[in-house]
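Every number here is computed from the coordinates shown, using simple stated rules; none is lab data. On a predicted model such as this, the values are computed, not experimentally measured, just so you know. Positions of Cβ are backbone-derived with ideal geometry, glycine not excepted, and every protein chain shown enters the neighbour counts.
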């Protein structure tokens, strides 16, 4: 039996996908010890060509599902359905794994067979100039289950019903899985040597509105998460709590979003400076909380 499945989904990331797959194929474990299961969720770019080239280069079993765009949760479930490994490792299509990646997940799983294994992720702005593969505390994520780099027994994921496909917009679908796994008593361990590079290019001025739109989508799915998990973990993670909502309301009263917009550049293709990046993230945060209030009102009406 194949020990491990690497599962990833992709959507219009042809320029990244080739390198992501090459890294997934280049592992220190035997080629018959693991497989790669890719779901193409309706890409309209050169992704099909990338996949065909990858088929020729694959050194391990490589399964591809091509489907109409249905969102990440549905795409994950399509991958889970075809996985055959005893353990399934989730990564994203902007993640470059190290050669010992599968080996380290398997090593942690051997010590704690029923546990979630969380790996380390180093954020990089370029995949051509990578820092030394040494995880540091600045790269830490407190998420219990974060599909950038996480594994669990395949049977456990199937037993909880996989991903909730009602999360059709961006955000929180993996946090929902983590909360359900935690409620089921599944423990988690962290292995900083199960390491990936997570590609996070510096946004350009033209992408500011995209950041804002993504934040609004995440606010809408946050309400769905809190409805499914009405307890403090969800309320704290999503900002649906009195302290954060009052602080956001106070900032809205000061017109902070308009002030931030006035200090940001017009749409252009140049990269944002560090200061502009901080301002853009602050603007996205304001958009998140403003949309959160709208979504909460809509949910209660």
Which whole-number value in Å³ per residue fits the convex hull of the alpha carbons of segment 4-199?
110
Sort 216, 187, 138 so that the residue with the fewest other Cβ atoms within 10 Å of its own Cβ comes first and the one with the most comes last.
138, 187, 216
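Indicate the gyration tensor shape class of segment 82-173 (rounded, prolate or oblate), computed on the Cα atoms with a ≥ b ≥ c the square roots of the eigenvalues: a/c under 1.5 is rounded; otherwise a/b larger than b/c is prolate and the rest oblate. Numbers along the way, then the final one.
Details: a/c = 1.94, a/b = 1.30, b/c = 1.49.
Verdict is oblate for segment 82-173.
Out of all DSSP beta bridges with both ends in the chain, state the antiparallel percent to the nearest 5. Mind showing how you got there, number by number?
Numbers: 11 of 37 bridges.
Just about 30 percent of them are antiparallel.
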Please list log₁₀ I(q)/I(0) at q = 0.15 Å⁻¹ for segment 205-300, using the Debye equation with identical point scatterers on the alpha-carbon positions.
-0.61
For 193, 55, what's the fewest-to-most ordering of other Cβ within 10 Å of each Cβ?
55, 193
So if I take the centroid of the Cα atoms in segment 32-70 and the same for segment 71-131, what is the distance between those two points in Å?
16
Extended-chain gain in nm, criterion 0.36 nm per residue less alpha-carbon gap, residue 297 and residue 128
56.3 nm
Tell me, what is the FRET efficiency for residue 84 and residue 190 to the nearest 0.05, using R0 = 25 angstrom and their Cβ-Cβ distance as r?
0.45
Determine, from the Cβ-Cβ distance of residue 141 and residue 170 and an R0 of 22 Å, the FRET efficiency 1/(1 + (r/R0)^6), rounded to the nearest 0.05.
0.80
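Please work out the FRET efficiency for the pair residue 28 and residue 206, using the Cβ-Cβ distance as r and a Förster radius of 25 Å; give the result to the nearest 0.05.
E between residue 28 and residue 206, to the nearest 0.05, is 0.05.
With 18 Å as the cut-off, how large is the P(r) tail for segment 153-240, expressed as percent of Cα-Cα pairs?
58
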Taking the Cα-to-Cβ direction at residue 66 and at residue 256 and moving 7 Å from each Cα, how far apart do the two end points lie in nm?
4.7
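Within 10 Å of each residue's Cβ, count the other Cβ atoms and sort 172, 232, 135 from fewest upward.
Details: 172 27, 232 9, 135 18.
Final ranking by Cβ density, sparse to dense: 232, 135, 172.
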Where a ≥ b ≥ c are the square roots of the eigenvalues of the C-alpha gyration tensor, would you call segment 179-220 rounded, which needs a/c under 1.5, or, failing that, prolate if a/b is larger than b/c, or oblate?
oblate
Distance between modelled label sites at residue 277 and residue 112, nm, 7 Å Cα→Cβ extension:
3.2
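Below 8 Å, C-alpha to C-alpha, sequence gap of six or more: please give me the relative contact order for the chain in percent.
Numbers: 537 pairs, mean separation 54.7, N = 301.
In percent, rounded to a whole number, it is 18.
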Given segment 12-70, report the % of alpha carbon pairs whose separation exceeds 16 Å.
41
